[in-house]
Amino acid sequence: MLSNLLRISFLFIVFAQLALAAGPDSGDTHEYQLSNGLKLIVREDHRAPTVAHMVWYRAGSMDEVNGKTGVAHVLEHMMFKGTDKVKAGEFSRLVAAVGGRENAFTSRDYTAYFQQVEKSKLEDVIKLEADRMSNLNFDDAEFLKEIQVVMEERRLRTEDNPSSLLNESLMATAYMSSPYRHPVIGWMNDLQNMKASDARDWYRSWYAPNNATVVITGDVDAKKVLGLVEKYYGVANAHELPVRKPQIEPPQKGIKQTQVKAPADSAQLSMAWKAPRLEPGKLDDPEPYALELLTAVLDGYDNARLNRTLVKQEKVVNDVGVGYDMISRGPELFLISATMAKGKTVNQAQASIRKALEELKQKGILESELKRIKVRILSEQIYKRDSIFGQAMEIGSSEMAGFSWKDIDYMLEKMQTITPEQVQAVAKKYLVDEGLTIAVLDPQARKSVGKEGK
């Protein structure tokens, strides 16, 4: 008992030191605004001679329009197809030539590009990335080749993946108005009908310095970095961005249900409830923090409630997971997903989940249980900040959701103030049938050979 108390005290001390080191008044994180609207955030971390360079564009699949879903992700692919100075395919080769690694990713809320290199090579990758911010130049032939790659990616990752198909159907059912109802990779029909001009229009609309945030973390000097960023990114011209329509999701009035039939070994169940997110300017709203902690109560460690009850004791499912994103640009869901154990039904799993949730709503959670989870969150945060790339990801994703990097430590501190009663209250308030969408995967026999022995 004493050792546990000492561990908790130690982690709180470490967290306090972290907060001081990375807080808004510290000297290791610097924010600048260029005259063309580009935001630059530099975090100095001199523990290793490496640097992460990331460019975040606040344009993701939620900014797309019907008929052109998937264009944000397609443009991410086309960004590697060359400029007047860099030929198609050369970008990745040039980064590799200086010993770096690079990639890109598209989400509902943003598109981001990154390189991680030895610190003396930072200027090389800044020059490359800034060039394609303004000077992307691809021909129709390159587009036609790449759109085939994207369609094949959709086939492999979604259409041949029963879990992905189920999640796609869940999102399209849960949301009526929000563009979150569309998959990031896009609907196949939209991809089949996409033109090179659609990708160029997207690039011209959203890829501008006044819609971008550059995050650089690692063994750097902030003033020198600012000089490099001004030299290369500063020449990019700002332009007026398209008007973003709010597309507010109307209130849900009862249970929604969807079923997907697909080749799979086991049935799957997803239950998703509408839940609030943390909004910029409302950092003291306790409900999103309580919902975040509720996910950990249900699924935050090996012996968490749902895993202990459904997997270990009742053996009704093979696995169960809980998801919720506290910060995002659009509306959020509190999601519980499970894969059925052999011989068990979706109805049995749903009944077990409802029973576990009802017990939590009625009896609440112990202070000791919540304290253990808070310690785990703090320790995970400490490990995350051991990573140069992890720090850049944390800063960039927060900025894209409308928060400042300066808010991150306050959010962590606020999380520590949430009580068991507040966690119980959000379970009672939001995990109700009025806001519930249920998605069921009905497994079909696989047609491939080699299954007879199973």
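The values are calculated or read from the model by the stated rules, or taken from the named source; none is laboratory data. The structure presented is a predicted model; accordingly, all values stated were derived computationally and were not measured. Backbone-built Cβ (ideal geometry, glycine too); neighbour counts: all protein chains shown.
Here are some notes:
- Residues of segment 293-320 that turn out to be within 13 Å of Leu370 (Cβ to Cβ), in a helix (DSSP H, G or I), in contact with a helix residue (DSSP H, G or I) (Cβ under 7 Å, 6 or more places away or on another chain) and not hydrophobic (A, V, I, L, M, F, W, C), as a count: 1
- Search result, residues across segment 88-120 that are assigned to a loop (DSSP other than H, G, I, E, B) and loosely packed, with under 13 Cβ neighbours inside 10 Å: Gly89, Gly99
- Top-ranked residue in segment 431-449 [being among the small types (Gly, Ala, Ser) and surrounded by fewer than 13 Cβ atoms within 10 Å (Cβ to Cβ); ranked as modelled with the highest pLDDT]: Ala445
- The single residue among Thr111, Thr158, Thr83 that is under 27 Å from the mean Cα position of the chain (by Cα) and touching a residue at least 40 places away in the same chain (Cβ under 8 Å) turns out to be Thr111.
- Checking Ile216, Ile255 one by one, the residue that is buried (at least 17 other Cβ atoms within 10 Å of the Cβ) and out of contact with any Ser or Thr (no Cβ under 7 Å at 6 or more places or on another chain) is Ile216 and no other.
- Subset of segment 343-396 [among the hydroxyl-bearing types (Ser, Thr, Tyr), within 30 Å of Ala48 (Cβ to Cβ) and in contact (Cβ under 8 Å) with a residue 24 or more places away in the chain]: Ser379
- One residue from Ala272, Ala262, Ala290 being in the same structural domain as Lys342 (by TED's automatic domain parsing) and assigned to a helix (DSSP H, G or I): Ala290
- Within segment 331-349, considering residues that are of a type in the set (Gly, Ala, Ser) and part of a strand (DSSP E or B), the one farthest from Glu434 (Cα to Cα): Ala338
- Among the residues here, Glu129 qualifies as crowded, with 16+ Cβ neighbours inside 10 Å, of a type in the set (D, E, K, R) and in contact with a strand residue (DSSP E or B) (Cβ under 7 Å, 6 or more places away or on another chain).
- Complete set of residues in segment 54-78 that are part of a loop (DSSP other than H, G, I, E, B) and more than 27 Å from Ile216 (Cβ to Cβ): Glu64, Val65, Asn66, Gly67, Lys68, Thr69, Gly70
- Within segment 217-251, being among the basic types (Lys, Arg) and in a loop (DSSP other than H, G, I, E, B) holds for Arg244, Lys245.
- No other residue among Ile382, Ile353 is of a type in the set (A, V, I, L, M, F, W, C), crowded, with 20+ Cβ neighbours inside 10 Å and not assigned by TED's automatic domain parsing to the domain that holds Arg58 apart from Ile353.
- Residue count for segment 407-429 under the criterion of being under 18 Å from Ala296 (Cα atoms) and within 22 Å of the chain's Cα centre (by Cα): the result is 5.
- Tabulated pairs, segment 181-196, first in contact (Cβ under 8 Å) with a residue 24 or more places away in the chain, second of a type in the set (S, T, N, Q) and assigned to a loop (DSSP other than H, G, I, E, B), C-beta under 6 angstrom, 6+ apart or interchain: His182/Thr69; Gly186/Thr69; Trp187/Thr69; Asp190/Thr69
- So Glu399, is it touching a Ser or Thr at 6+ places or on another chain (Cβ under 6 Å), modelled with pLDDT of 95 or more and part of a helix (DSSP H, G or I): yes
- Selection of segment 157-181 for residues being out of contact with any helix residue (DSSP H, G or I) (no Cβ under 6 Å at 6 or more places or on another chain) and not in a helix (DSSP H, G or I) yields Asp160, Asn161, Met176, Ser177, Ser178.
- Yes/no for Leu122 being in contact (Cβ under 8 Å) with a residue 12 or more places away in the chain and aliphatic (A, V, I, L, M): yes
- Checked against the criteria, Lys253 counts as in contact (Cβ under 8 Å) with a residue 60 or more places away in the chain and among the charged types (D, E, K, R).
- Taken over segment 183-209, the criterion of being in a loop (DSSP other than H, G, I, E, B) and under 23 Å from the mean Cα position of the chain (by Cα) is satisfied by Pro183, Val184, Ile185, Gly186, Trp187, Tyr207, Ala208.
- Taking residues in segment 397-416 that are of a type in the set (S, T, N, Q), and partners anywhere that are in a helix (DSSP H, G or I), the pairs with Cβ atoms closer than 7 Å and at least 6 places apart or on different chains are Ser398/Trp405; Ser398/Asp407; Ser398/Ile408; Gln416/Lys374.
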